Amino acid sequence: MSYTKNKQEKMMWYQPENESSLFTPAVLLYPDRIEENIRRMIFLAGDASRLRPHVKTHKIGEIVDLKVQLGIRRFKCATLSEMEMVAAHGGLDVLLAYPLLGPAIQHFLHAMDRYQETRFSVTVDSQSACLQLSQQARIQGKTLNLFVDLDNGMHRTGIAPDLALQLIGWIMEDPYLEFAGLHIYDGHIHEMDFEERKAHCEADFEAVNWLVSELEKKGIPVKELACGGTPTFPIHAEHASRTLCPGTPVLWDAGYTDALPDLDFLPAAVIAGRVISRPAGQICLDLGYKSIASEMSHPRLRFLNLEADGVLNHSEEHLVLGSGPGREVSPGDLVYALPTHVCPTMALHEQVYVVRGQQVVDVWQVAARKRVYKP
């Protein structure tokens, strides 16, 4: 559908009636859709207690509030800022799924003091990391909950399952460390066909099953298996012993809409931009890569009310498109789009507009994008 200035035409779901108040570039969020996506996550999981959703997708306290209101108590995060945001908004169990080293350990320990009603855990994949954690925990007289991060095929972080036995044994012997479970992120599995994706997931999980069996033989209980991300969410959901860690479904995006046709979630985050120039008949928007994640190849956006002949240039403040059927647009016209990858795009924005009933009604801060660590 090409852009139209006809105000009599029925407004689409993403278009606020008070759109003239929007400063662009901007992210628009739709809480009714977000709540519906959370309900669909819970339905797929079978129960809210099985979910440990990743908050890196949104980094917003008000969305944590919505999850808590719908019964979710456990969360996963990637940064200390996200961890503290969740705790401040009622999360009772927070897993920091990122190596904790150097001065970050002290910040983690201080957060335990500030949010004493929240149970914090962190992932580890080496004896060196465990040693640093243990030394600091001993100084402060604390016990740290550790999830051993397993590498079952992604090769980004984690220890191979066949090497994890020794590491877990070492943790079990340390009075300042508590073995809390296993963390398995399989972001390398993303086949479009569900049956192919399932076969890949189950095959790679065999090494994890072996490790769990060996631990049980040694009398070491695995209290939690924190598994997967969005692509493997419905696969892990079939196994009652696994905790589920999807992130993107809460907002969804154009990338997963195309890549995962078996998952039914609603787009709940829309990018708003303006036409700022028409150089040589082309269309220049204020959607540079300071506002749109640039780690993926084009198209980085799927336009909802504009058709154009592809991307000609993407720089810090500008996105230049071929004119195509969108040649009728003029400087000042608003365009709307779905991001291809919503998670890193959200991290570029300090705040978002909140749209209810096609009215911009509020502004939410993307609170956990900031890192304010004091020595």
Check: With a ≥ b ≥ c the root eigenvalues of the C-alpha gyration tensor of the range 293-375, is it rounded (a/c under 1.5), prolate (a/b larger than b/c) or oblate?
Finding: oblate
Check: Here are some pairs, Lys76/Lys198; Lys56/Lys217; Lys67/Lys142; Lys142/Lys290; Lys142/Lys218; which of them have Cα atoms lying more than 32 Å apart in this structure?
Finding: Lys56/Lys217; Lys142/Lys290
Next item on the list: Tell me which residues come under 5 Å, amide H to amide H, from Arg356 once H is placed; ignore anything under 5 positions away on its chain.
Entry: Val361
Next item on the list: Rank-order 23-30, 217-224 by packing density, defined as the average count of other C-beta atoms within 10 Å over each peptide's residues, highest first.
Entry: 23-30, 217-224
Item checked: Relative contact order (%) - criterion: Cα under 8 Å, at least six apart; region: the chain -> 22
Notebook entry, point to check: About its Cα centre, how strong a charge dipole does the chain have in debye, to the nearest 20, once Lys and Arg get +1 and Asp and Glu get -1 at the Cβ?
Noted result: 1000
Next item on the list: Identify the residues of the range 195-216 with backbone N under 13 Å of a label point that sits 7 angstrom from the Cα of Asp162 along the Cα-to-Cβ direction, or state none.
Entry: 207-208, 210-211
Next item on the list: Name the residues whose placed amide hydrogens come within less than 5 Å of the amide hydrogen of Arg52, ignoring near sequence neighbours (fewer than 5 apart) on the same chain.
Entry: Leu244, Cys245
Check: Of all accessible surface on the range 17-115 at a 1.4 Å probe, what whole percent is carbon and sulfur?
Finding: 55
Next item on the list: Would you mind telling me the share, in percent, of accessible area of the range 219-278 contributed by carbon and sulfur at probe 1.4 angstrom?
Entry: 54
Notebook entry, point to check: For the range 1-136, what is the relative contact order in percent, using Cα pairs closer than 8 Å and at least 6 residues apart in sequence?
Noted result: 16
Check: What FRET efficiency do you get for Thr143 and Gln69 if R0 is 51 Å and r is their Cβ-Cβ distance, rounded to the nearest 0.05?
Finding: 0.95
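For the full complex of protein chains and a 1.4 angstrom probe, list His318, His349 by accessible area with the highest value first.
I get His318, His349, largest accessible area first.
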Next item on the list: Enter the accessible area per residue of the range 32-163 (Å², integer; probe 1.4 Å; all protein chains in place).
Entry: 40
Next item on the list: Tabulate in residue order the Karplus-calculated ³J(HN,Hα) for the range 55-70, using 6.51 cos²θ - 1.76 cosθ + 1.60 with θ = phi - 60°, rounded to whole Hz; enter x for Gly and Pro.
Entry: 8, 5, 4, 10, 6, 10, x, 5, 6, 4, 4, 4, 5, 4, 4, 9
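What does the C-alpha gyration tensor say about the overall shape of the range 331-375? Classify as rounded when a/c is under 1.5, otherwise prolate if a/b is larger than b/c, or oblate.
prolate
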Note to self: Apply the a/c threshold of 1.5 to the C-alpha gyration tensor of the range 285-327 and tell me whether it is rounded, prolate or oblate.
What the structure shows: prolate
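The values are calculated or read from the model by the stated rules, or taken from the named source; none is laboratory data. Computed from a predicted model, the values in this text were never measured in an experiment. Every residue, glycine as well, gets a Cβ built from its backbone with ideal geometry; the counts of neighbours run over all protein chains shown. What goes into the accessible areas is simple: the full protein's heavy atoms, side chains included, and nothing from ligands, DNA or RNA. Shrake-Rupley method; radii C 1.70, N 1.55, O 1.52, S 1.80 Å.
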